[in-house]
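The block underneath contains the structure these notes are about, expressed in C-alpha cells.
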Amino acid sequence: MSQTTAGVPETTTPTQVPGGLRTGGRLPRWTSWAVFAGALAAVALLDLAVALNTALYVLFTAVLGTVALFGLSRAAEGRRTALDRLVTCVVASAFGLAMVPLVSLIYEVVSRGIARLDGEFFTFSLVGVVGEGGGAYHAIFGTLIITGLTALISVPIGLLTAIYLVEYGAGRLKRAITFLVDVMTGIPSIVAGLFAYALFSIFFGPGVRLGIAGSVALSVLMVPVVVRSAEEVLKLVPNELREAAYALGVPKWRTIVKVVLPTAVGGLGTGITLAVARVVGETAPLLVTVGITNATNLNPFDGRMATLPVYAFYQLTQPGVPPEFAIDRAWTAALLLIVLVMVLNVVARLISRLFAPTTGR
Amino acid sequence: MAKRIDISDLDIFYGDFRAVADVTVSIEPRSVTALIGPSGCGKSTFLRSINRMHEVLPGARVEGKVVMDGQDLYGADVDPVDVRRQIGMVFQRPNPFPTMSIYDNVAAGIRLNARRMAKTDLDGLVERSLQAANLWREVRDRLNRPASGLSGGQQQRLCIARAIAVEPDVLLMDEPASALDPISTLAIEDLMTELKERFTIVIVTHNMQQAARVSEQTGFFNLSSAGQPGRLVEFDSTEKIFSNPEQKATEDYISGRFG
Ligand SMILES: Nc1ncnc2c1ncn2[C@@H]1O[C@H](COP(=O)(O)OP(=O)(O)O)[C@@H](O)[C@H]1O
Ligand SMILES: [Mg+2]
C-alpha cells in the first residue's frame, strides 16, 4: 500500500496539460490509507455480526480495501493509475503473506528460547543434570568445532574445484564435473550422513561415532555449495585483467593467485560464509555420524560429541520427567542456532562491503 | 633495446576458422608501424599473435613464422611467458588492476613475477616508467590511491607505464586511444613519438590521421568478403601509403570510399 503518486500535485479532476498530454486526476496521498482504514472499520462491523478469526479479519480487510481503492481510483484517476494501485495492493499483500511464517517463527523461537538464555546455559553441560538447570556448553563447542573442521575440508576442495572449472577446465571433464556438482547440490542430507557413516565404519567398525565423521558428512553437503558460489564469482572477474597479467609475462598460476583471487576475494568470502551458514544447522547427518553425549568432548577424533541441532532434537524427543526443562533447553538451542546463522549472514555482508571495489575518486 | 620482427607466411586460426592468412612482413626497430583496415579484418588477431597472446583463447592457433632478432618465437622450446616479457601489450580498453594502487600497478610486472628488487630501485623504476608515460606529474602525490580512481586517459597511460616498466623490446598497442577523448589521444600520440626511441612499436588504429601522424610504416589489412580470412593487402612507408598507394583497395579505404 505504498504511495505511487508521490510528489504529484493534488487535484481531483482530470486536467488538460497545455502541451496536449492528457493526465488523470490524482487522489490525495493519504487516500490508500484512508480506504484501508475504512475497510478495517467495515470488517469490524461485520465482526460484531459474525465472529471472525484473525486470518479472516485480515483477509477481508485486504480484499475489501483493494477492491474499494481500485474502484475509487478507476473513477477518479483513470484506468492506468487504477491498475497501478491494484498491482501495488496485490504485491504488498503477497509480501505480507510471505512475512507471516517468518515473523511468527522468530517470535515463537525467541519467546520460548529466551527463558533459558542464561549464563548457566553457556557454561554447563548436561552431566548429572536431571530436570532443571544444565546447559549446552558441550553442544555449542561441538557445533563450532565440527563446523570449523567442515570448512577446513570444504573450502580448499571447493575453491580448487571452482578454479579448475573456471580457469583450466575444458570439454568433457569440465562438463562431467559440473554435472556431478549439480547432482551433489541436491543430495538429501541424510544420504550424506549415511555415506560418511558407511565410510568410517569400514575403518572403525559398525556403530562408529566420531566428530570428524560428522565433518566429512557436512563437507559432502558444503563442497558443492562452495564450488557453485566460487565459480560464479570467479566468472565475474573480467578476462581483461587476466590478459593484462599475461601480457606482462606473468604465468597463468601466478595470474590466478595474484590477480584473479584478490579481485574476487570479497565474493569468495561471502559465498564461503553463506555455505557455512547452510550446514551449521544440519541435523540428520550428525545424528547418524556424531550422535550425542551429555558430557563435554572437544576431541573430534575420539567418540561421540554433542552439537546444537542434535542436542535440540534429543531434548525435545527424550525430555525425561518432568519434560518442561528439557523442552526449554531445546528452544534455547534453536534460538542459538538462528542467532549463529544470522551472525554468519551479517559477516557475509560485512565481507562483501569491506572488499567492494573502491574507486577512490 | 628495440628489436626487429620478421613475420613470414603467418596463418592465424580460431578453431577451424582461418581469421588471417599469408602475412609476410618485417617490422623495423625504433619505429612506429601502424596497422589500419576495416573492422573484423584481423588486425587485433594479428597483433595478438606477435606476442603469443592469441593462443590463450581455447582452440586458437597459429601457423607460420614470427622471428625476433633471429629467434623463432613459435619455436618448440620457446616459453610463451618469456615472449610476453619481451613484447609488451596495451589494450583497447584501459585495464589497470582494480585491487592495486597506482604504484602497485606500475610495479605489477616485477611484483607479480616475484622478481626481487630493492625498494629504492623499484621506486626509481616506477617513477621513470610514469615519467615515460607522461603521467608522473599528475599522480606523484597519490601513488598509493587505487588506480580505478584515475580518468580513462590517465588509466590508459598507466597501462602504458605498466607495460614499459618490465622493459620489453617491443610494444604492441591495439587501438590504444579509441576509447579516449581528443586531449588524451594527443597525449598518447606524443608519447608514442617519444617511446619509439627505445621500443619497436606496432599500433592498430582506426584513425587515419593518427596513423599518418605517428607512424613510419603502415600496413593495410582487408577482407575480400565475410567469412574469408583477412590479408595484409599492402605494406609500405606511411608516406607512400597515404600519398600514392599501389592497391586500389588501399586508396579507396584511405580516401573513405569504404570501410
Ligand atoms: N575470440 C574469437 N573467437 C572466434 N573468432 C574470433 C575471435 N576474435 C575475433 N574473431 C574473428 O576473427 C576475425 C578478426 O577479428 P579481429 O582480429 O578482432 O578484427 P579487427 O581487430 O581487425 O577488428 C573476425 O572475423 C572475428 O569474428
Ligand atoms: Mg580489433
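Without any contact (Cβ under 8 Å) to a residue 24 or more places away in the chain and within 15 Å of ligand 1 (Cβ to nearest atom): does that describe residue B:149?
Spelling it out, it is not the case that residue B:149 is without any contact (Cβ under 8 Å) to a residue 24 or more places away in the chain and within 15 Å of ligand 1 (Cβ to nearest atom).
Is it the case that some residue within region B:163-171 is surrounded by fewer than 19 Cβ atoms within 10 Å (Cβ to Cβ) and aliphatic (A, V, I, L, M)?
no
So, residue A:354, is that one in contact (Cβ under 8 Å) with a residue 24 or more places away in the chain, within 14 Å of chain B (Cβ to nearest Cβ) and not hydroxyl-bearing (Ser, Thr, Tyr) or not?
Here the answer is yes, as residue A:354 does meet what is asked.
Can you list residue pairs whose Cβ atoms sit under 6 Å apart, with the first residue in region A:175-186 being in the same structural domain as residue A:219 (by TED's automatic domain parsing) and the second being surrounded by 13 or more Cβ atoms within 10 Å (Cβ to Cβ) and part of a helix (DSSP H, G or I)? Count only pairs 6 or more apart in sequence or on different chains.
Hits for this filter: A:181/A:224; A:181/A:227; A:184/A:224; A:185/A:224.
When you go through B:2, B:21 one by one, which is the residue that is under 17 Å from residue B:226 (Cα atoms), touching an Asp or Glu at 6+ places or on another chain (Cβ under 7 Å), more than 8 Å from ligand 1 (Cβ to nearest atom) and away from chain A (no Cβ under 14 Å)?
Result of the check over B:2, B:21: B:21.
Yes or no, residue by residue, for (1) without any contact (Cβ under 8 Å) to a residue 12 or more places away in the chain; (2) among the hydroxyl-bearing types (Ser, Thr, Tyr); (3) more than 9 Å from chain A (Cβ to nearest Cβ); (4) within 16 Å of ligand 1 (Cβ to nearest atom):
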residue	(1), (2), (3), (4)
B:55	no, no, yes, yes
B:61	no, no, yes, yes
B:72	yes, no, yes, no
B:84	no, no, no, no
B:108	no, no, no, no
B:111	yes, no, no, no
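Take region A:214-257 and flag every residue that is without any contact (Cβ under 8 Å) to a residue 12 or more places away in the chain, of a type in the set (Val, Ile, Thr) and open to solvent by 30 Å² or more (accessible area, probe 1.4 Å).
A:257
Considering (1) facing chain A (nearest Cβ under 10 Å); (2) within 16 Å of ligand 1 (Cβ to nearest atom); (3) of a type in the set (S, T, N, Q), say which one residue B:44 fails and leave the rest.
Tallying (1) facing chain A (nearest Cβ under 10 Å); (2) within 16 Å of ligand 1 (Cβ to nearest atom); (3) of a type in the set (S, T, N, Q), residue B:44 fails exactly one: (1).
Surrounded by 18 or more Cβ atoms within 10 Å (Cβ to Cβ), more than 11 Å from chain A (Cβ to nearest Cβ) and closer than 28 Å to residue B:133 by Cα - does that describe any residue in region B:94-101?
no
For region A:300-316, give me the residue count where each residue is free of Cβ contacts under 8 Å to residues at least 40 places away in the same chain and more than 26 Å from the chain's Cα centre (by Cα).
Qualifying residue count for the region: 0.
Looking at region B:199-207, can you tell me whether even one residue there is more than 16 Å from ligand 2 (Cβ to nearest atom) and under 20 Å from residue B:9 (Cα atoms)?
Scanning region B:199-207, I find no residue that is more than 16 Å from ligand 2 (Cβ to nearest atom) and under 20 Å from residue B:9 (Cα atoms), so the answer is no.
Looking at (1) closer than 28 Å to residue B:151 by Cβ; (2) part of a strand (DSSP E or B); (3) within 11 Å of ligand 1 (Cβ to nearest atom), can you tell me which one residue B:92 breaks?
It is condition (2) that residue B:92 fails.
Kindly evaluate residue A:293 against the criterion of being away from every other protein chain (no Cβ under 14 Å) and not acidic (Asp, Glu).
The answer is yes for residue A:293.
Could you please let me know if residue A:177 is β-branched (Val, Ile, Thr) and either open to solvent by less than 30 Å² (accessible area, probe 1.4 Å) or closer than 16 Å to residue A:279 by Cα (or both)?
Against the criterion (β-branched (Val, Ile, Thr) and either open to solvent by less than 30 Å² (accessible area, probe 1.4 Å) or closer than 16 Å to residue A:279 by Cα (or both)), residue A:177 does not qualify.
Grab the strands (runs of 3 or more DSSP E) fully contained in region B:1-70, keeping just those with 1 or more residues being away from ligand 2 (no atom under 16 Å from the Cβ) and open to solvent by 10 Å² or more (accessible area, probe 1.4 Å).
Here the list reads B:5-14, B:17-27, B:60-68.
Here is a yes/no grid of residues against (1) closer than 24 Å to residue A:280 by Cβ; (2) at pLDDT below 95:
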{"residue": "A:207", "(1), (2)": "no, yes"}
{"residue": "A:215", "(1), (2)": "yes, no"}
{"residue": "A:234", "(1), (2)": "no, no"}
{"residue": "A:240", "(1), (2)": "no, yes"}
{"residue": "A:245", "(1), (2)": "no, no"}
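When region A:7-49 is examined, which residues are found to be surrounded by fewer than 10 Cβ atoms within 10 Å (Cβ to Cβ) and modelled with pLDDT of 85 or more?
Answer for region A:7-49, where residues must be surrounded by fewer than 10 Cβ atoms within 10 Å (Cβ to Cβ) and modelled with pLDDT of 85 or more: A:45, A:48, A:49.
What's the total number of residues in region A:269-303 that are out of contact with any Ser or Thr (no Cβ under 7 Å at 6 or more places or on another chain), buried (at least 21 other Cβ atoms within 10 Å of the Cβ) and closer than 30 Å to residue B:147 by Cβ?
So the count comes out to 2.
Filtering region A:112-157 down to residues that are farther than 12 Å from residue A:326 by Cα and among the acidic types (Asp, Glu), which residue is surrounded by the most Cβ atoms within 10 Å (Cβ to Cβ)?
Per the stated criteria, the residue is A:120.
Kindly provide the set of residues from region A:119-151 that are within 26 Å of the chain's Cα centre (by Cα) and without any contact (Cβ under 8 Å) to a residue 12 or more places away in the chain, ordered by number.
Scanning region A:119-151 gives A:144, A:148.
Give, as residue ranges, the helices (runs of 4 or more DSSP H) completely inside region A:236-296 that count at least 2 residues that are under 20 Å from the mean Cα position of the chain (by Cα) and either closer than 22 Å to residue B:87 by Cα or assigned by TED's automatic domain parsing to the domain that holds residue A:154 (or both).
A:261-280, A:284-289
The values are calculated or read from the model by the stated rules, or taken from the named source; none is laboratory data. This is a predicted model, so every value here is computed, not measured. Because the Cβ atoms are built from the backbone with ideal geometry, glycine has one as well, and the counts that use them run over all protein chains shown. Only protein heavy atoms, including side chains, enter the accessible area calculation; ligands, DNA and RNA are left aside. Shrake-Rupley method; radii C 1.70, N 1.55, O 1.52, S 1.80 Å.
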